[in-house]
Amino acid sequence: MAYLGDLLQNQKKIIFALLAAVMIGISIPGAAAQSHHLEYEHSAGIVTLNTDEINIRVVGANEQPHFHWWSPTNPEFDYHMRFLSIYEVDDINENDVYDHGVDPHISTKFMLPTTDWDFSGFETETEEGNVTAVHFNFTSLSGFDPRPEGVEGEWEHYPAIPDMDVYVQILVHIDMDRPNEVKFDLVIDGWVWTRDDSLLVFQFVITESNHGDGEPENAPRHFHRNENKFQFSNAYMEYEPTAHANQNTLQVGASFGETSGLFAGESVYLSFPYFGNETLFYDPIVGLSDSSTPLVDASTYVLVGAVAVVALVVVALKLRK
């Protein structure tokens, strides 16, 4: 009888262990799926977005559009990307890429810091009461004069062009499926081309600063291009090799170089071929490469739980013999 009692006691322990293993297999994936949160706010022209893996501010009022982001778990450095200017150039060596200091400008620069920006408000996506994605945009409100001094001097070989009713939109998206990065769309509409064989250049400036200091901002450390990514320190800006205008797919050129003065840092030049009077759509990404996303996903936890259950069943069968 004592042996039978011990056997029953062992079987109870095994049953409890099996139940615990099953609960682990169920609860861990649920916890992993709910481990991220997304917060957002808009005040005085500045949008703040926070997840467990990235904090970001997007400025679109009273200064140049400015992406400012850092790691909440390793906040050593802040990274900055400013939208600086748009202009048309003559691609004199026909390599479909803007070569700074080589390809001449055939329009003045549409300086984005000098325009006002309208904020759209937030559009959110939710799942079971939790915000899973946030979308918003800034739209420029000022036109542009490509020939502010007429067609004399440096413009004497180019046609006269009236003021453009051109505008730029920056559509920002953050999705909890990729909580360490922010996707944004660039929309350019209303550009009046000087020539149909030129390039339209969009210039960004990338800098970094010590976290919380704001200034001084310096050229980012270890800046380099890896395929279609510009990487620096623990952050990156990823650009798509194609853009779209109506039904047309456009090949996008990219180049970079250090700049000095008021806009010191690493400039990135994205160049778009002629797209006529269509609207250009383009979608780069900024993010952090030191993501804290778990290396083991929820499905792996399920597998581990199942293996544990099988192992305990084997032990139970052996004890019953």
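The values are calculated or read from the model by the stated rules, or taken from the named source; none is laboratory data. Note that this is a predicted model, so its numbers are computed, not measured. Cβ coordinates were reconstructed from backbone atoms using ideal geometry, including for glycine residues, and neighbour counts include every protein chain displayed.
For this structure, a couple of remarks:
- From Phe67, Phe83, Phe138, residue being touching a helix residue (DSSP H, G or I) at 6+ places or on another chain (Cβ under 8 Å), surrounded by 20 or more Cβ atoms within 10 Å (Cβ to Cβ) and part of a strand (DSSP E or B): Phe83
- Residue in region 100-121 that is more than 25 Å from Val205 (Cα to Cα), part of a loop (DSSP other than H, G, I, E, B) and not charged (D, E, K, R) present: yes
- Meets criteria (in contact with a Leu (Cβ under 8 Å, 6 or more places away or on another chain) and either closer than 30 Å to Thr73 by Cα or surrounded by 15 or more Cβ atoms within 10 Å (Cβ to Cβ) (or both)) for Trp117: yes
- Whichever residue in region 168-185 is assigned to a strand (DSSP E or B) and of a type in the set (D, E, K, R) and, among such residues, is nearest to Ile86 (Cα to Cα): Asp185
- Qualifying residue in region 166-183 (condition: over 25 Å from Ile46 (Cα atoms) and acidic (Asp, Glu)): no
- Scan of region 220-269 for residues that are hydroxyl-bearing (Ser, Thr, Tyr), touching a Lys or Arg at 6+ places or on another chain (Cβ under 7 Å) and either buried (at least 20 other Cβ atoms within 10 Å of the Cβ) or modelled with pLDDT of 95 or more (or both), ordered by number: Tyr236
- Of all residues in region 271-288, those that are assigned to a loop (DSSP other than H, G, I, E, B) and farther than 15 Å from Leu186 by Cα total 3.
- Qualifying residue in region 85-95 (condition: over 20 Å from Val268 (Cα atoms), of a type in the set (Val, Ile, Thr) and in contact (Cβ under 8 Å) with a residue 12 or more places away in the chain): no
- For Val205, the test of being farther than 25 Å from His100 by Cβ and β-branched (Val, Ile, Thr) is failed.
- Residue check: Glu240 meets all listed conditions (1) over 16 Å from the mean Cα position of the chain (by Cα); (2) not in a strand (DSSP E or B) but one, namely (1).
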